[in-house]
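No lab work stands behind these numbers, since they all come straight from the coordinates. In this text, all values refer to a predicted model and were calculated from it rather than measured experimentally. Glycine also receives a Cβ, built like all others from the backbone with ideal geometry; neighbour counts cover every protein chain displayed.
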There are 4 protein chains.
Amino acid sequence: MTDSRTTLADLRRRVVAFVAARDWQPFHTPKNLSTAIAIEAAELLEHFQWLSDAQVAEALQDPQELAAIADELADVTIYVLSLANALDVDVSAAVLGKLERNEQRFPVEEWRGRA
Amino acid sequence: MTDSRTTLADLRRRVVAFVAARDWQPFHTPKNLSTAIAIEAAELLEHFQWLSDAQVAEALQDPQELAAIADELADVTIYVLSLANALDVDVSAAVLGKLERNEQRFPVEEWRGRA
Amino acid sequence: MTDSRTTLADLRRRVVAFVAARDWQPFHTPKNLSTAIAIEAAELLEHFQWLSDAQVAEALQDPQELAAIADELADVTIYVLSLANALDVDVSAAVLGKLERNEQRFPVEEWRGRA
Amino acid sequence: MTDSRTTLADLRRRVVAFVAARDWQPFHTPKNLSTAIAIEAAELLEHFQWLSDAQVAEALQDPQELAAIADELADVTIYVLSLANALDVDVSAAVLGKLERNEQRFPVEEWRGRA
């Protein structure tokens, strides 16, 4: 399975099935899932915590470290999708809507090269 | 656009285009993007901070509040996709790989109904 | 040593000494320390992640669990004090200044019993 | 009031009084307070999010920006103290205990200059 052929709905269904098979829906409240996203985000950040950008680039040469980081990224994503399921929110629509508003907020001519 | 027809690659391309149009790649280092994910996750969590689950359920009846929460979920997702772009990681493969390992770690018969 | 006889300056000196003995000042930049605070805060939060308030109350009966939580609280505090050292900020003055402004923002008569 | 004359107990009493005057103890559960610490930590981190260490140094020259950062540091500290109150944990003892264990974990001769 790869990103070019996998829809958001495909991934969401896999997360629904995992949660439902364990009867974990009562734990997957919006508040708990938002907490889980924040915790997994911190575990992801931990990989970069004391490193300069140059040291990060070097660390990413190590396939095991890259896999560990991808694993934390997966954890964040899984909880994001589970929260979308719990809230019945369309992720694609939310992302595209936000990008469109950001196009207005950060016009290219004004923001090119500025953070 | 909806989750049933949108691939991960579709969304990733939209994020790439937004970042590239502003020459923001130098800011979108793995460390900065992980920091951004953590910050947006906290903004999402803020919506639930002092509420009980019952109060959350009530708050979600308000379409404006639900839209604001979907908006924060979009922010987290956008930075997740941008980090996947920066690391050249396949999100679907990472998510499915993690779900498979979690199938082993949390066997259904042992974990049903337990958090 | 106990809170009734320990000043903020006492604790800050202990943190300074620990960091200086290892020549860790170059790593203890404001950005890295803020990142460390966020990561330790998430490790603290992890103890409560899937528990209801009743389950938390039960978990806190276990002295080992309480000690583990106090340990995470200590980690957050150590990085807060190290950041105060790095910024040369007086913690007591900052806390009291903030409490005074919050007195204005949340008048007792209006906010009693409301979150 | 300054850190050299203010004890942890002094600050804790001020936080107790603020919370009690508003009858906010029911909201100040360990779980909610840990969530609040994580959220305030993210607001602190936001000040450094897209900046290099050199840009942070420059930003800190601005007294208003430094005050805003001290303000976020105060928010984290206030919730740390409120959690210590809720758990009846001695902050000084927890911090010193942790520093002592870290002395063992990170011997000076081995860790000098290494993160």
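For the stretch A:92-115, does any single residue satisfy the condition of being within 15 Å of the chain's Cα centre (by Cα), buried (at least 16 other Cβ atoms within 10 Å of the Cβ) and touching a residue at least 60 places away in the same chain (Cβ under 8 Å)?
Looking through the stretch A:92-115, at least one residue is within 15 Å of the chain's Cα centre (by Cα), buried (at least 16 other Cβ atoms within 10 Å of the Cβ) and touching a residue at least 60 places away in the same chain (Cβ under 8 Å).
Of the conditions (1) more than 7 Å from chain B (Cβ to nearest Cβ); (2) more than 12 Å from the chain's Cα centre (by Cα); (3) acidic (Asp, Glu); (4) within 30 Å of residue A:17 (Cβ to Cβ), residue A:72 satisfies every one except a single condition; which number is it?
(2)
Is it the case that residue B:82 is more than 7 Å from every other protein chain (Cβ to nearest Cβ), of a type outside the set (Lys, Arg) and in contact with a Leu (Cβ under 6 Å, 6 or more places away or on another chain)?
yes
Among the residues of the stretch A:25-48, count how many are over 19 Å from residue B:68 (Cβ atoms) and more than 7 Å from every other protein chain (Cβ to nearest Cβ).
6
Taking the stretch D:26-41 only, how many residues are under 22 Å from residue D:91 (Cβ atoms), without any contact (Cβ under 8 Å) to a residue 12 or more places away in the chain and of a type outside the set (Lys, Arg)?
5
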